[in-house]
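Below is one structure, written out as structure tokens; comments come after it.
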Amino acid sequence: MIVFITGASAGFGAAMARTFVKGGHQVILSGRRADRLRALAAELGAAALPVVIDVSDKLSIHTALAALPEAWRQIDVLINNAGLALGTGPAQNAELEDWETMIATNCTGLVTMTRAILPAMVARGSGLVINLGSIAGAYPYPGGNVYGATKAFVEQFTLNLRADLVGTGVRASNIAPGLCGGTEFSNVRMKGDDAAAAKVYEGTVPLTAEDIADTAYWIATLPPHININNIEMMPTCQGFSPFTIKRV
């Protein structure tokens, strides 16, 4: 099958690309960083096609999809992996631009990619959309504000896709990981403060990008009559946040 992965230049996306190619599938590697995409494609060989796309730019998406070689156009699996968190402070101190960037990538980019590829899947009567959500979409925590809201959107959008796609042969799944190390996620969130990012994982055994990749691969290779609606994943060192009570 042909798998289209957004945000494939690092982290979950790169791990998923390696897993699907190892399983004998073709992978379209999309992302903004052309050099990283080319390096990953060189590692993976002829089964990988690098495509530069900024999911927050509608023109970028449609131009890249229109330029796909004919042999790569029948996309069987779309993995909407591109996403980010910015900032950990309370809402009243947050930068509005950070909120706008998260919404543009995590929500608008995801739905634009889905709308661009979904009709062909429905016309063929088969296909799968895997969206990368987060436990932050279900469980609020201080500093989660817009990031958590975007991931709640991803979960609900996935469920509403399921409602629309019943009987079409096209499936939709949401993967919602918890604490996951070995990626750029916290470095981006902390805006390059590597020490603060490292502190997030100090003394823990978090999930890995490979764990997420294995889960995506499992979902994608299930028999076509099975739909995984939503799957939450946490490392055993993580639990549910207690309620916050401020005492005077």
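The values are calculated or read from the model by the stated rules, or taken from the named source; none is laboratory data. Note that this is a predicted model, so its numbers are computed, not measured. As a convention, Cβ positions derive from the backbone with ideal geometry for all residues, glycine included, and neighbour counts pool all protein chains shown. Note: areas computed on protein heavy atoms with side chains; ligands, DNA, RNA excluded. Shrake-Rupley method; radii C 1.70, N 1.55, O 1.52, S 1.80 Å.
What the table below lists for this structure:
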{"item": "DSSP loop chymotrypsin sites (Phe, Trp or Tyr not before Pro) with at most 11 other Cβ within 10 Å: longest gap in the chain", "result": "1-239"}
{"item": "Anchor K58: lysines whose Cα lies under 29 Å away (excluding residues fewer than 8 positions away in-chain)", "result": "K151, K191"}
{"item": "Residue-normalised accessible area of the chain, given per residue in Å² at a 1.4 Å probe", "result": "49"}
{"item": "Local electrostatic count, A197, Cβ distance below 15 Å [Lys/Arg +1, Asp/Glu -1]", "result": "-1"}
{"item": "Portion, in percent, of the accessible area of segment 25-87 that falls on carbon or sulfur, probe 1.4 Å", "result": "53"}
{"item": "Tilt relative to the chain, helix 110-124 - C-alpha long axis, 0 to 90 degrees, to 10", "result": "30"}
{"item": "Under 15 Å, Cβ to Cβ, from G125 - net charge with Lys/Arg +1 and Asp/Glu -1", "result": "0"}
{"item": "Principal-axis tilt of helix 34-44 within the chain, Cα atoms, nearest 10 degrees", "result": "60"}
{"item": "Cα centroid of segment 1-75 to Cα centroid of segment 78-126, whole Å", "result": "17"}
{"item": "Degrees separating the helix 145-165 axis from the principal Cα axis of the chain, which is the longest one", "result": "30"}
{"item": "For the chain: relative contact order, % (alpha-carbon pairs under 8 angstrom, 6 or more apart)", "result": "20"}
{"item": "Gaussian network model of the chain, Cα within-10 Å springs - most flexible of G11, G109, G167", "result": "G167"}
{"item": "Of all accessible heavy-atom area on segment 116-248, the percent that carbon and sulfur account for (1.4 Å)", "result": "60"}
